[in-house]
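Notes follow the structure.
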Amino acid sequence: MLRVSLLGEQVIADDATGAVLTRSPRSVALVAHLVVHAGLAQPRRRIAGLFWPDSTDAQALTNLRRELHQLRRVLGDPPSLVVTGRDLCWRDTPSSRVDVREFDAAYRAALAAE
């Protein structure tokens, strides 16, 4: 199971073993962007432009491909990360835990209990 920690120390880890899979700021930021927009396909061109605004479109897309390659190398092929030729998407699945989601669920439960 994958654990994405965005609150506090920002890491992506194997939830079963606690082993840190990546602390790369760019990789974690990319996953964070996708988590915020979970369930919505994000065009690669848009993401490339956001993450590499000073690069040409072609170079930004190349940088994104490299980052995705690195991310998939360390994460494997998690079902939460959906990659197509045109888009990227995060899908919340039982095989991934995201601390922001857990915090939000606890917050909503506390509000409902009042």
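No value in this document is a laboratory result; all are computed from the given coordinates. All values derive from a computational prediction rather than experimental measurement. Positions of Cβ are generated from backbone atoms using ideal geometry, with glycine treated the same way; all protein chains shown enter the neighbour counts.
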Simple Cβ-charge dipole of the chain, Lys/Arg +1 and Asp/Glu -1, about Cα centre, in debye nearest 20
460 debye
Mind checking the full-extension length gain between Asn63 and Leu7? Use 0.36 nm per residue of separation minus the Cα-Cα distance, one decimal, nm.
17.6 nm
Percent relative contact order of the chain, based on C-alpha pairs within less than 8 angstrom and at least six residues apart?
31 percent
Take the Cα pairs of the range 27-78, get the Kirkwood Rh, then feed it into Stokes-Einstein at 20 °C and 1.002 mPa s and tell me D in µm²/s.
188 µm²/s
Provide, in order from the shortest bin, the percent of all Cα-Cα pairs of the chain in each 5 Å bin, continuing until the bin that contains the maximum pair distance.
2, 11, 21, 24, 18, 11, 7, 3, 2, 1, 0
Of Ala32, Ala19, Ala60, the most mobile residue in a GNM of the chain (C-alpha springs, cutoff 10 Å) is Ala19
The chain, helix-only ellipticity at 222 nm - DSSP H runs n ≥ 4, -39,500 (n - 2.57), divided by all residues, nearest 500:
-15000 deg cm²/dmol
